[in-house]
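K.L.:
Right, I'll just put the structure down here and ask away after.
The values are calculated or read from the model by the stated rules, or taken from the named source; none is laboratory data. The shown structure was predicted, so the numbers you read here are calculated from the model rather than taken from an experiment. A quick note on method: Cβ atoms are made from the backbone with ideal geometry, for glycine too, and the neighbour counts reach across all protein chains shown. Surface areas here come from the heavy atoms of the whole protein model, side chains and all, with no ligands, DNA or RNA. Shrake-Rupley method; radii C 1.70, N 1.55, O 1.52, S 1.80 Å.
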Amino acid sequence: MVSIKKILLFSIISIAIIAALIFFFPSQILGIFFRDIKPIDDSDLTFEKMVVPQEQNAYYDLEEADEKGYWPEGSAEKYESCLEDGICDEKFLKDIYDKNQEFFSIIDKASEKQFFIDPGMESPDKVNNFNAPVYHWVDLISVLPVKIVYLSEKGRDREAMDEAVNFFSLCKKIKEGRPSLIGWAQMIAVEEKTAQAMKFAIGNSKLPPADLLQYSKRLEEFKEDNRQPLVLKE
């Protein structure tokens, strides 16, 4: 039987040999057990400075539109009743449409701009959603969809559908333009309200199916992360 002393002596010698090899040939020995991990490519997560000329920046138009929307008390209830029952108060819709012409005009200008970027968020070192600007865009959520419903009720189907596409396009630009988390959430709300109004317009529409299908295809570009504002089926 091998004695305990011999086992102990053999263990000590083995440890000494391994330690010597690691000391004199560290990279070769450790390389047997470990491999360098390839650095993770996070270039797609890196913020770059975004500088947009003012004349191409929808931010300034939305600032101009801030709190210019006409939305008196009780409007939300009348509008929701219109969507649910399909019976709309024509006087209410006309009043909202007529008294928001300036507001709609400003939003139309914003929709035509190529970009949206808050000047305070254009540099990567300024991007901080815990200290981000708060946008007062409540009118975008409440007033804009009424325009679609009004145009639909007047039989101006193509105009109603074009307005819906414009609103989705504006939301996409804002979400791509590094808004705050609150701004992002507001655009989701605008998309949802626009989708509701568009569904109402489709129900009223007398456009041929081929035209509706074309609008469906135009909406494809607004799909995002498997979530889409609206899909029209053939």
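K.L.:
If you plug each phi of region 186-203 into the Karplus form 6.51 cos²θ - 1.76 cosθ + 1.60 with θ = phi - 60°, what whole-Hz ³J(HN,Hα) values come out, in order, with x for Gly and Pro?
P.N.:
Whole-Hz 3J(HN,Hα) from phi for region 186-203: 5, 5, 4, 5, 4, 4, 5, 5, 5, 4, 4, 5, 5, 4, 4, 5, 5, x.
K.L.:
Tyr60 to Asp98: extension gain in nm, 0.36 nm per residue of separation minus the Cα-Cα distance?
P.N.:
Stretched out fully, the Tyr60 to Asp98 stretch lengthens by 11.3 nm.
K.L.:
Would you mind estimating how fast region 162-209 diffuses translationally, via Stokes-Einstein at 37 °C and 0.692 mPa s with the Kirkwood radius over Cα pairs, in µm²/s?
P.N.:
For the chosen part, D equals 283 µm²/s.
K.L.:
Now, a different point. What is the Cα coordinate range of region 141-185 on the first, second and third principal axes, sorted by size from largest, in whole angstrom?
P.N.:
37, 17, 8
K.L.:
Region 162-217: which trypsin sites (Lys or Arg not before Pro) are DSSP loop and have at most 12 other beta-carbon atoms within 10 angstrom?
P.N.:
Lys206
K.L.:
Same structure, new question: Amide H of Phe115: which non-local residues (sequence gap of 5 or more, or other chain) have their own amide H closer than 5 Å, using H built in the peptide plane?
P.N.:
Placed amide hydrogens put Ala58 under 5 Å from Phe115.
K.L.:
Describe numerically, in nm with one decimal, the distance between label points set 7 Å from Cα along Cα→Cβ at Glu80 and at Lys199.
P.N.:
Result: 1.5 nm between the two label points.
K.L.:
In region 143-191, carbon and sulfur make up what percent of the accessible area (probe 1.4 Å)?
P.N.:
The C+S portion of the solvent-accessible surface of region 143-191 is 53 percent.
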